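One structure is given here, and the rest of the page talks about it.
The values are calculated or read from the model by the stated rules, or taken from the named source; none is laboratory data. Predicted model only: the values in this text are computed from it and were never measured. Glycine also receives a Cβ, built like all others from the backbone with ideal geometry; neighbour counts cover every protein chain displayed.
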């Protein structure tokens, strides 16, 4: 069974949910600690959401220097699948694994909603179980969610198919070009602001086609990486 | 103790949502002479003894590598705070 590491920093909130999502998808979650420079032989890593180090300095800025992060950066550069969700996405940009950055939502409010996204690239390690252009609904909840990068970087991301998710129906935070998630050039590192791990089990997710809280559109992030690892 | 100040501001091309909110609040309170507001960060780094050139260089390096994110922010000033009391 594939082993998926889930990192806990001080102030991480969604590590339990991420581990549960891995288990529901059929993988074995492995707890990784920010202070240990040790990936415990995992096959992939999830950086979950929360407010690591209280978002002090900038969201994700201090986590980047945690001992576990230097291991993750090295392994990601060798092809290890890495998914950053919300604060995890912010950590990946601060660690230079993904370009751009997040600033405060344009309307300055914390936003918590069921958000529709389009899957713009179904070829990454974390999206291969989706179809290109598919619309999915997963929760979005953050304060610093406005994705920004310079025009050259944005053009490069678009041109190389590295915009993996785009907000649909509404741009909830002013993100440039409606970008909700991106990948690195190789497609093994993916970061997004919305939360797939909160939409993996009927009865506990967003409203879906089968009724209130029936949405499980996030589960295929985790089945995707498991099938990518099997080959 | 000497003190080095590092000022970090959002890049000019980055819209500053906090600054815009502050500007709106000022205008509501009758401070209508300000056309816009940008909000940045000031870091005070204390050193033992006088502020040396070496300390200033280290503060600039820290400012560029850690205290700011070059995608969204600029280090706009690094200087010794002359008002700090030297022990």
How many residues of region A:146-177 are in a loop (DSSP other than H, G, I, E, B), within 11 Å of chain B (Cβ to nearest Cβ) and under 19 Å from residue A:87 (Cβ atoms)? The answer is 3
For residue A:96, indicate whether it is modelled with pLDDT of 95 or more, within 12 Å of chain B (Cβ to nearest Cβ) and assigned to a loop (DSSP other than H, G, I, E, B).
-> yes
Being in contact with a helix residue (DSSP H, G or I) (Cβ under 9 Å, 6 or more places away or on another chain) and closer than 17 Å to residue A:104 by Cα is the filter; apply it to region A:171-190 and report the residue that is surrounded by the most Cβ atoms within 10 Å (Cβ to Cβ).
-> A:181
Residue B:78 vs (1) under 14 Å from the mean Cα position of the chain (by Cα); (2) within 14 Å of chain A (Cβ to nearest Cβ): all pass except (2)
When both residues are 6+ apart or on different chains and their Cβ atoms are under 6 Å apart, which pairs have a first residue that lies in region B:10-30 and is more than 11 Å from chain A (Cβ to nearest Cβ), and a second that is at pLDDT 90 or above and surrounded by fewer than 11 Cβ atoms within 10 Å (Cβ to Cβ)?
-> B:23/B:36; B:26/B:34
Just one listed residue, out of A:58, A:20, A:40, is touching a residue at least 12 places away in the same chain (Cβ under 8 Å), more than 14 Å from every other protein chain (Cβ to nearest Cβ) and assigned to a loop (DSSP other than H, G, I, E, B), and it is A:40
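Would you confirm, using the coordinates I've provided, whether residue B:2 is more than 29 Å from residue A:148 (Cβ to Cβ), surrounded by fewer than 17 Cβ atoms within 10 Å (Cβ to Cβ), more than 14 Å from chain A (Cβ to nearest Cβ) and in contact with a strand residue (DSSP E or B) (Cβ under 7 Å, 6 or more places away or on another chain)?
Values: more than 29 Å from residue A:148 (Cβ to Cβ): yes; surrounded by fewer than 17 Cβ atoms within 10 Å (Cβ to Cβ): no; more than 14 Å from chain A (Cβ to nearest Cβ): yes; in contact with a strand residue (DSSP E or B) (Cβ under 7 Å, 6 or more places away or on another chain): yes.
No; evaluated as a whole, the condition is false for this residue.
Could you identify the single residue in A:61, A:75 that is surrounded by fewer than 24 Cβ atoms within 10 Å (Cβ to Cβ), farther than 17 Å from residue A:179 by Cα and touching a helix residue (DSSP H, G or I) at 6+ places or on another chain (Cβ under 8 Å)? Before you say what the answer is, go through the steps one by one.
Working: A:75 fails: touching a helix residue (DSSP H, G or I) at 6+ places or on another chain (Cβ under 8 Å).
Result of the check over A:61, A:75: A:61.
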Restricting attention to region B:41-63, and to residues there that are closer than 19 Å to residue A:56 by Cβ and buried (at least 17 other Cβ atoms within 10 Å of the Cβ), which single residue is farthest from the other protein chains (Cβ to nearest Cβ)?
-> B:59
Hey, residue A:32 in a loop (DSSP other than H, G, I, E, B) and at negative phi or not = no
Filter region A:130-145 for residues that are touching a strand residue (DSSP E or B) at 6+ places or on another chain (Cβ under 7 Å) and within 14 Å of chain B (Cβ to nearest Cβ); which is nearest to residue A:215 (Cα to Cα)?
-> A:142
